[in-house]
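A.B. asks: Sharing a structure here in structure tokens format.
The values are calculated or read from the model by the stated rules, or taken from the named source; none is laboratory data. This structure is a prediction, so every number in the text was calculated from the model and none was measured. In this analysis, Cβ positions are derived from the backbone assuming ideal geometry, glycine residues included, and neighbour counts consider all displayed protein chains.
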């Protein structure tokens, strides 16, 4: 800890002098992509930089590591809960090339940005416990055919539905958008469903909207970015996806107030019995099942993979990855710590305290675990077929553009065709 | 300490981060000196539409909310200045909105303005306050006024308490109505305190950030202020553009405040000019002329 400070200040003051004298240089870093990653060296104390973990599960893992490695202790640096702020602090740390942060807990969608800027180190694949991990999660931690991060926990979309009402109406959980509309029509005929709305997701103007739209696009057979990483939003498939949302709002299948829904507002509406179907993350399963009277739907709901255009839909992949900061010291220790942290034993141990989904498919089928977290088999289906969100290097700007366009369409400011055409131009500008 | 960040921001605003991807997909970026290009972008370039919208929002919020706060704050101060039971309690209670951190009150109002929140429940309507449009602007103004009226109220109250009672007694003897007393005595005498309060509020309101950000959300056209725009650019790592936005905001605030102080300053000097003549001794002899003199001044 102590010897780090002068180092950091040296970098800072060097940077300040650079700005003052206005010598703006900083040539390209040598590109050695696709070659074998350099060996990570150095052992000693490191830091783990992460969002807070209220369950206390990650803390236990760190304590277990520290007990076994007194010479290479890990100190937890806790960042604010807000994901934007976490990203900004990590980027600032990288830009001043500070060694204060060693192991970074990255949202899956930041991984490309951090890798492309070489803020994180490429990792040696053969030393990582990637066997047995869900392919989609491993894939989401790669960039330019190199492994830059290791999956920590994963997340995928689930369709929550009111099993009691579906049964009363004699219909099944839907696998397509059309089936969902028909199921709603049948359910809303029931006297006990009076005043309910059919479906909602996260349609407020934030990351949730990007998630919902890119899921709809993938579920209609399209993609926001093609296989070569070029934007492809002005296609018939993405138009179908956007129309699913826009028509939903117009027909009343999606209630008007859903344009203000983030995760929590949607959960509240479903929990109060206002919705037949809701797209949300697994974390709401526990509050919905609460027996203390806070949830009106406890024991009256079920989960399924989200529906799509012609068959089951394609979820977005959420979750977190661990990576090593390029400007850090003691990278060999960091690699060992990551390997330990994401090992199957530790992932399993953390499940006792935390409901974050592990990245090993075996754990999703473990009887003991499934009896405690019954949504896991469905989530595995969802995650296994999941698509990562756009692997855009300028992810922040890309997701902002997507949200602007989709929000303009669902609030009727623009036609779907206009908004997609405009979005395509904006994303093309960002891509090169 | 004051000038370094300012100069550094000015310097930064002349640069732009130019990044491209090399053939392997890795970022090659450099800081390029672009001169005033960032400013040109803001005023006539690609950013201009967003900028003018944010400028209009900032101005609109400032004018409407500061006007409402002034009226409500003065009314509160007049009420609190009366002697009545529970006055101490009212004074303490009025401070609560001001004492709550803005981000927290933003959250509180967000819950109340939610689609299924208490505001819609009580009014029996289905207004989407936290989406876009007039309703979102109204929500921000309501929360802002609720939060900051106490500030004006308390500063004005402090001003009211130094007005000597005999001035009012003399006015009563002259048969001035309550309304006339307010216009001829209270307002002119409390004006310096009120103007300082309004000036502080103007400064604050022009930099408004947390309330619209928390209550309605970032990048919502109808409530985007200049501060939010600067934050958004910084968040996209466009520090040059973000600095340029901040400098423009600084200049805008300076102009508004300069104009305000000029208008108000002239006034203060005038009342100061009359004050030494009607010195304490003379006022003790005949307090009546002073408010009358002020009255003429105000209505001139």
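A.B. asks: Scan segment A:276-293 for residues that are closer than 19 Å to residue A:382 by Cβ, in contact (Cβ under 8 Å) with a residue 12 or more places away in the chain and in contact with a strand residue (DSSP E or B) (Cβ under 9 Å, 6 or more places away or on another chain) and jot them down.
C.D. replies: Residues satisfying the conditions are A:277, A:278, A:279, A:280, A:281, A:282, A:283, A:284, A:285, A:288.
A.B. asks: Among the listed residues A:62, A:91, identify the single one that is in contact with a strand residue (DSSP E or B) (Cβ under 9 Å, 6 or more places away or on another chain), outside any loop (DSSP other than H, G, I, E, B), surrounded by 15 or more Cβ atoms within 10 Å (Cβ to Cβ) and at pLDDT 75 or above. Steps first, please.
C.D. replies: On the way: A:91 fails: in contact with a strand residue (DSSP E or B) (Cβ under 9 Å, 6 or more places away or on another chain).
Sole residue among the options that is in contact with a strand residue (DSSP E or B) (Cβ under 9 Å, 6 or more places away or on another chain), outside any loop (DSSP other than H, G, I, E, B), surrounded by 15 or more Cβ atoms within 10 Å (Cβ to Cβ) and at pLDDT 75 or above: A:62.
A.B. asks: Somewhere in segment B:173-184, is a residue crowded, with 18+ Cβ neighbours inside 10 Å and assigned to a helix (DSSP H, G or I)?
C.D. replies: The answer is yes; a qualifying residue exists.
A.B. asks: Next question. Take the residues in segment A:149-172 that are buried (at least 20 other Cβ atoms within 10 Å of the Cβ) and part of a loop (DSSP other than H, G, I, E, B); name whichever of them is farthest from the chain's Cα centre (by Cα).
C.D. replies: Looking at residues that are buried (at least 20 other Cβ atoms within 10 Å of the Cβ) and part of a loop (DSSP other than H, G, I, E, B), I get A:149.
A.B. asks: Take residues that are surrounded by 17 or more Cβ atoms within 10 Å (Cβ to Cβ) and tell me which of the helices (runs of 4 or more DSSP H) falling wholly in segment A:354-432 contain 2 or more.
C.D. replies: Once the helices (runs of 4 or more DSSP H) in segment A:354-432 are filtered for at least 2 residues that are surrounded by 17 or more Cβ atoms within 10 Å (Cβ to Cβ), what remains is A:361-364, A:376-384, A:395-410, A:416-431.
A.B. asks: Continuing with this model, one more query. Any idea which of (1) surrounded by fewer than 21 Cβ atoms within 10 Å (Cβ to Cβ); (2) at pLDDT below 85 is the one residue B:256 doesn't satisfy?
C.D. replies: (2)
A.B. asks: Next question. Scan segment B:63-70 and give yes if some residue there is exposed (fewer than 15 other Cβ atoms within 10 Å of the Cβ) and in contact (Cβ under 8 Å) with a residue 12 or more places away in the chain, otherwise no. Give the derivation first.
C.D. replies: Of segment B:63-70, the ones exposed (fewer than 15 other Cβ atoms within 10 Å of the Cβ) are B:63, B:67.
Subsequent filtering for residues that are in contact (Cβ under 8 Å) with a residue 12 or more places away in the chain retains none.
No: segment B:63-70 contains no residue that is exposed (fewer than 15 other Cβ atoms within 10 Å of the Cβ) and in contact (Cβ under 8 Å) with a residue 12 or more places away in the chain.
A.B. asks: Regarding residue B:221, is this residue at pLDDT below 90, surrounded by fewer than 22 Cβ atoms within 10 Å (Cβ to Cβ), within 14 Å of another protein chain (Cβ to nearest Cβ) and at negative phi?
C.D. replies: On the way: at pLDDT below 90: yes; surrounded by fewer than 22 Cβ atoms within 10 Å (Cβ to Cβ): yes; within 14 Å of another protein chain (Cβ to nearest Cβ): yes; at negative phi: yes.
Yes: the conditions hold for residue B:221.
A.B. asks: Any idea which of A:106, A:123, A:81 is assigned to a loop (DSSP other than H, G, I, E, B) and within 19 Å of the chain's Cα centre (by Cα)?
C.D. replies: A:81
A.B. asks: Are there any helices (runs of 4 or more DSSP H) wholly within segment A:215-303 with 2 or more residues that are closer than 23 Å to residue B:216 by Cβ, and if so which?
C.D. replies: A:236-251, A:263-271
A.B. asks: Would you kindly identify the helices (runs of 4 or more DSSP H) lying entirely within segment B:1-89 that contain at least 3 residues that are more than 14 Å from chain A (Cβ to nearest Cβ)?
C.D. replies: Where helices (runs of 4 or more DSSP H) fall fully within segment B:1-89 and carry at least 3 residues being more than 14 Å from chain A (Cβ to nearest Cβ), they are B:37-43, B:48-81.
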